[in-house]
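Novice: First the structure, which I've put down as structure tokens, then a few questions once you've had a look.
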Amino acid sequence: MRRQTTGQRRHWVRAAIGLAILAGAGTGAGAEPTGQADLELGAALLDGLPAAAATAAFEAEAFAGPAAARGALRLEGRAGNDAAGSAEARTDLSLSSGSLTSLLRLEGGLSGATDVSPSWRGAGGLVLSLDGLDLSAKAEAALERRSDAGVLSWQGRSGFELSGLVGEILLKPGVEASVALPDGGAWSLSLLPGLGLSWYPGFPLSASLSAGWRRDFAGTATLDSMVGAASLYAATGPLLLTAEGSATLSTAGLGAASASLGLSPDLGRLGSARLAAPIRVSWVLGGTPVLSLFAGLSLAFD
Amino acid sequence: MKGLRGRGVLAIVGAILGLARLGAEGPATVAAWLAAPIGTSYATARDGLLAAAETARARGIPESLLVERLDEGALKRIEPSRLAAAIGQDLERFSSVLGLLDARGEVPGELTPKIALLRQGAILLRAGYGVTALGACMDGALARGAADPGPGGPAARALRAASVALDASLRFGLDGIRRDALGAALASSVLATDRLDAILSLFTKARGLGLAPDRASDLLVAGLVKGSSLEALDRELARRSLR
């Protein structure tokens with residue numbers, strides 16, 4: 001590495017002082033916690049039936065040198081012809097040392113609906129990231145305990161991903177393996193090599209695409225399927241456009257799939273909150289297809 | 001925010017007109033401009049404009065920059081007294097930018113890059129960017145060293161970073177403090193100069209994932225200051241989504 005000149009060292013000192021002043025004044029990058037709270041209320045049509053829907057999300061984060069702690073909570077609920085609700089919580093503790101970042105994650109969730117047994121899950125995991133200028137790598141491992149409609153199971157996941165920038169495209173080849181062990185049942189193994197890419201052009205649009213080939217092993221049986229997900233976000237003036245979708249296609253046909261399209265015009269500030277009016281059309285296939293429309297108001301406090 | 005947007009639009013118009021003026025043949029001095037057909041309507045402001053031109057020469061500011069602004073004002077049919085006042089303000093902006101460059105030994109020896117830096121710097125100041133914040137961008141770009149400053153060197157990188165930060169602040173409603181912090185962080189970041197505008201795309205993704213603009217700005221600035229690459233910033237956004 002080239003030795004710095006006296007002039008460069010002087011510029012570093014001035015730059016660091018300037019950045020510290022600016023960053024400390026406005027970015028909350030010091031030890032003082034920062035956070036965000038979002039509230040969304042609206043009306044929904046689920047398969048033609050009206051319902052009221054609400055979402056509340058909270059996030060708080062604090063930095064102390066190379067360490068950071070973050071907590072997030074998301075609550076969703078709807079009530080109409082039937083009622084459903086869910087809660088998701090996550091805590092991250094991270095420590096950075098040079099280009100290596102270690103992250104410990106604890107998360108859990110609870111969901112339920114009318115005439116449906118509640119489901120819950122709790123998981124802990126570790127993520128190691130090595131951040132290079134041209135190439136980065138991430139390795140993660142997680143252990144989860146979950147209950148789906150009364151069926152308890154353990155699930156272990158591990159994955160490895162490389163990411164490298166090619167022009168405006170971030171390429172992310174990776175592989176994921178997971179083992180599921182239902183209580184009193186046979187274990188199953190899934191392998192998922194795949195490729196993800198994210199496009200970051202020099203204007204307010206971001207697109208991501210991921211696709212992989214999953215092989216499920218359950219006893220002597222194997223099932224091959226293609227899994228894919230895509231997202232597109234675009235901002236023009238005060239309007240935010242979101243489009244997201246995912247699908248699983250196997251030899252048995254189309255499995256779980258979802259798609260949503262949303263528009264969210266920014267309506268400015270209401271006191272200390274930012275006000276928006278989101279509109280979303282969503283389609284979910286997990287057995288019986290469900291088409292839903294949502295329109296409401298959202299408030300974001302930070 | 002509306003005023004900022006309006007100034008942003010004006011800045012872009014000014015930049016475009018300025019760039020067009022570069023390629024066009026016309027008066028090279030204020031005196032020649034006043035004598036040309038386009039300047040005949042501004043005879044009542046002659047004394048003030050000539051005084052401004054003399055001050056510009058004394059300070060080492062190319063007179064062609066004043067002529068560009070005069071062209072722009074005449075196209076918009078601005079009345080002579082207002083145009084003379086605007087030229088006076090522009091002269092101070094050019095002087096401020098030249099002062100920032102001179103204090104850091106970054107004044108180009110050749111005329112064309114010097115004009116480009118002064119023009120872009122003045123556009124940023126006119127749009128509301130502060131002199132101190134612009135200086136912080138220059139210090140950040142210079143501290144980054146010789147590693148890929150991009151075409152035009154560190155000073156051009158600094159102005160590019162400030163332009164991107166201004167664009168982000170206008171699009172996403174960031175306050176002045178966050179805008180300035182973003183500019184300085186971009187200038188000193190590991191991102192290549194021609195990829196600084198990728199931050200607009202990252203902002204959009206952050207908004208799509210539910211992050212409020214101020215939170216997105218704080219997160220991205222913290223990452224840039226830490227030396228995060230685009231891949232690392234992408235990862236930071238992804239792990240924040242609870243969806």
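Just so you know, all these numbers are worked out from the coordinates, no wet-lab data involved. Fair warning: this is a prediction, and the values are worked out from it, not measured in the lab. Note: ideal-geometry Cβ built from the backbone for every residue, glycine included; neighbour counts use all protein chains shown.
Novice: Which is the longest part of chain B that has none of the GluC sites (Glu not before Pro) sitting in a DSSP loop with at most 12 other Cβ atoms within 10 Å? Can you show the working numbers first?
Specialist: On the way: sites that count: B:25, B:110.
For GluC sites (Glu not before Pro) (loop position, at most 12 other Cβ atoms within 10 Å), the longest site-free span of chain B is B:111-243.
Novice: Which of A:240, A:195, A:133 moves the most in a Gaussian network model of chain A with Cα springs under 10 Å?
Specialist: Taking springs between Cα atoms under 10 Å, the residue moving most is A:133.
Novice: Please state the charge dipole magnitude for chain B, taken about the Cα centre, from unit charges on C-beta atoms (+1 on K and R, -1 on D and E), reported in debye and rounded to the nearest 20. Please list the in-between numbers first.
Specialist: Working: 31 positive and 25 negative charges, 181 e Å.
Dipole size: approximately 860 debye.
Novice: Along the stretch A:37-49, what does the Karplus equation 6.51 cos²θ - 1.76 cosθ + 1.60 (θ = phi - 60°) give for ³J(HN,Hα), rounded to whole Hz, x for Gly and Pro?
Specialist: 10, 10, 9, 10, 10, x, 10, 10, 10, 10, 6, x, 9
Novice: I would also like to ask the following. Going by C-beta contacts inside 10 Å, put B:205, B:76 in order with the fewest on the left.
Specialist: Details: B:205 27, B:76 12.
Sorted ascending by nearby Cβ count, the order is B:76, B:205.
Novice: At 7 Å along the Cα-to-beta-carbon direction for both residue A:218 and residue A:195, put a label point, then send me their distance in nm to one decimal.
Specialist: 3.0
Novice: Quick one, can you get me the convex hull of the C-alpha atoms of chain A expressed as volume per residue in Å³?
Specialist: On the way: hull volume 51.8 nm³, N = 302.
Enclosed volume per residue, from the Cα hull, is 171 Å³.
Novice: Mind pulling the angle between the C-alpha long axis of helix B:131-143 and the longest principal axis of chain B? Nearest 10 degrees, somewhere in 0 to 90.
Specialist: 60
Novice: Which whole-number percent gives the relative contact order of chain A, counting Cα pairs below 8 Å spaced six or more residues apart?
Specialist: Values: 762 pairs, mean separation 32.3, N = 302.
Over chain A, the number comes to 11 percent.
Novice: I would also like to ask the following. So how far apart, in nm, are the two label points at residue A:269 and residue B:40 if each is 7 Å from Cα heading toward Cβ?
Specialist: Going from the residue A:269 label point to the residue B:40 one covers 5.1 nm.
Novice: Which one, A:127, A:167, A:231, is farthest towards the positive end of the dipole of chain A when Lys and Arg carry +1 and Asp and Glu -1 on their Cβ?
Specialist: The residue sitting farthest along the positive end of the dipole is A:167.
Novice: May I ask you to sort A:158, A:298, A:117 by Cβ crowding, counting other Cβ atoms within 10 Å and putting the fewest first?
Specialist: Numbers: A:158 16, A:298 21, A:117 11.
Taking fewest neighbouring Cβ atoms as first place, the list is A:117, A:158, A:298.
Novice: To the nearest 10 degrees, how steep is helix A:6-26 against the longest Cα principal axis of chain A, on a 0 to 90 scale?
Specialist: Orientation of helix A:6-26: about 50 degrees from the principal axis.
Novice: From zero outward in steps of 10 Å, how is the percent of C-alpha pairs of the stretch A:105-175 spread across the bins?
Specialist: Bin by bin from 0 Å, the calculated values are 18, 33, 24, 18, 7, 0.
Novice: Given H placed 1.01 Å from N in the peptide plane, which residues other than close sequence neighbours of residue A:203 have an amide H under 5 Å from its amide H?
Specialist: B:201
Novice: Along each of the three principal axes of the Cα atoms of the protein assembly as shown, give the extent in whole Å, ordering the values from largest to smallest.
Specialist: Rounded to whole Å, the extents work out to 94, 57, 43 Å.
Novice: Specify the angular offset, from 0 to 90 degrees and rounded to the nearest 10, of the alpha carbon long axis of helix B:46-59 from the longest principal axis of the alpha carbons in chain B.
Specialist: 60
Novice: Taking only Cα atoms and a 10 Å spring cutoff, compute GNM fluctuations for chain A and point out the largest among A:262, A:228, A:184.
Specialist: A:184
Novice: Let me ask something else about it. Provide a whole-number value for the mean count of partner chain Cβ atoms within 10 Å of the Cβ atoms in peptide A:201-210.
Specialist: Details: counts 5, 10, 7, 12, 5, 13, 3, 4, 0, 0.
Mean partner shielding for this stretch: 6.
Novice: How big is the gap, in Å, between the Cα center of the stretch A:155-230 and the Cα center of the stretch A:83-97?
Specialist: So the two Cα centres are separated by 21 Å.
Novice: Let me check against my output: what whole-number percent is the relative contact order of the stretch A:100-242, with C-alpha pairs under 8 Å and at least 6 apart? It would help to have the intermediate numbers written out before the result.
Specialist: Working: 346 pairs, mean separation 18.6, N = 143.
Result for the stretch A:100-242 is 13 percent.
Novice: Then there is this: Among A:297, B:100, rank each residue by its count of other Cβ atoms within 10 Å, from fewest to most, as a rough exposure measure.
Specialist: Numbers: A:297 14, B:100 22.
Least crowded to most crowded, the residues run A:297, B:100.
Novice: OK, next. Using alpha-carbon positions, what is the distance between the centroids of the stretch A:282-302 and the stretch B:136-214, in Å?
Specialist: Measuring centre to centre over Cα atoms gives 34 Å.
Novice: Follow-up question, since we're still on this one. On average, how many beta carbons from a partner chain sit within 10 Å of the beta carbon of a residue in B:132-144?
Specialist: Averaged over the peptide's residues, the number is 5.
Novice: Extending each Cα 7 Å along its Cβ direction at residue A:114 and residue A:126, get the distance between those two points in nm, one decimal.
Specialist: My value for the distance between the label points is 4.7 nm.
Novice: Then there is this: Tell me, what ³J(HN,Hα) does each residue in the stretch A:67-81 have, in order and in whole Hz, if you take phi through Karplus 6.51 cos²θ - 1.76 cosθ + 1.60 with θ = phi - 60° and put x for Gly and Pro?
Specialist: 9, 8, 10, 9, x, 9, 9, 10, 10, 10, x, 9, 9, x, 4
Novice: The stretch B:107-127 to the stretch B:54-78: how many Å between their Cα centroids?
Specialist: Cα centres, the stretch B:107-127 to the stretch B:54-78: 13 Å.
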